[in-house]
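Contents: one structure, followed by commentary.
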Amino acid sequence: MKVLAPATAVLALSLAACQQAEVPAEPEAEATEEASSQAATAEEDIRHFLLQEYPDAPTINYALAWSDLDGDGADEAIVHVAGPYFCGSGGCNTLVLTAAGPMWRKVADMTVSRTPVTVMDGATNGWKDITVAVAGGGGPSGTALLRFDGEAYPGNPTVPPAEMVEAGGTVLLAEDVEFTTLEPEMEGAPEQ
């Protein structure tokens, strides 16, 4: 029996150590939950912005990415919207939104743009340069580089000051992006 007692003690200590290692620290779990909650709130804010910005759109299909374009430590929202209301033969709309207090402010409202959307290493006037794909509409196809002019990015990526470049940068929205569908709320519709 004396031989079994030390082995049992070692086994019990080993099991106790394993159990402690498997339990996540509470501050880490709380930080993860807080980050997840903030991301959900930020996307809800973007959804609300889109509904206000496009009140006549029957349906809004959007793809959303986040990137700190101005280096202030807070991410900007890059939103590509699609559907008959937003698209023509040359492409669809891409927005870049930055937080302005409790609201969002447009720093890009590009028409005739396509995915992929990338962010470049270079910056102009304190904001990262971005690219969008362009094609159709009778113009040349390729990748358009858009530089911040101090107030906004160019609204049409198919004409200067946008310039055609080789594809590059870090992909924010892939070419075959998955869209989220947003249905406008009907006035007077019963809440569920």
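The values are calculated or read from the model by the stated rules, or taken from the named source; none is laboratory data. Since the model is a prediction, treat every value here as computed from it, not as a measurement. For neighbour counting, all protein chains shown are included, and Cβ atoms are generated from backbone atoms with ideal geometry for every residue, glycine included.
Table for the structure above
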item: Complete set of residues in the range 51-92 that are among the aliphatic types (A, V, I, L, M), in a loop (DSSP other than H, G, I, E, B) and free of Cβ contacts under 8 Å to residues at least 40 places away in the same chain; result: A74
item: Meets criteria (over 23 Å from E53 (Cβ atoms) and either touching a Ser or Thr at 6+ places or on another chain (Cβ under 7 Å) or not hydroxyl-bearing (S, T, Y) (or both)) for T170; result: yes
item: Residue in the range 112-121 that is closer than 24 Å to D45 by Cβ, charged (D, E, K, R) and either without any contact (Cβ under 8 Å) to a residue 60 or more places away in the chain or surrounded by 21 or more Cβ atoms within 10 Å (Cβ to Cβ) (or both) present; result: no
item: Condition check for L97: crowded, with 20+ Cβ neighbours inside 10 Å and of a type in the set (A, V, I, L, M, F, W, C); result: yes
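This table checks each residue for (1) surrounded by 14 or more Cβ atoms within 10 Å (Cβ to Cβ); (2) among the aliphatic types (A, V, I, L, M); (3) assigned to a strand (DSSP E or B); (4) at pLDDT 95 or above.
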position: K128; (1), (2), (3), (4): yes, no, yes, yes
position: G136; (1), (2), (3), (4): yes, no, no, no
position: P140; (1), (2), (3), (4): no, no, no, no
position: L145; (1), (2), (3), (4): yes, yes, yes, yes
position: Y153; (1), (2), (3), (4): yes, no, no, yes
position: P161; (1), (2), (3), (4): no, no, no, yes
position: V171; (1), (2), (3), (4): yes, yes, yes, yes
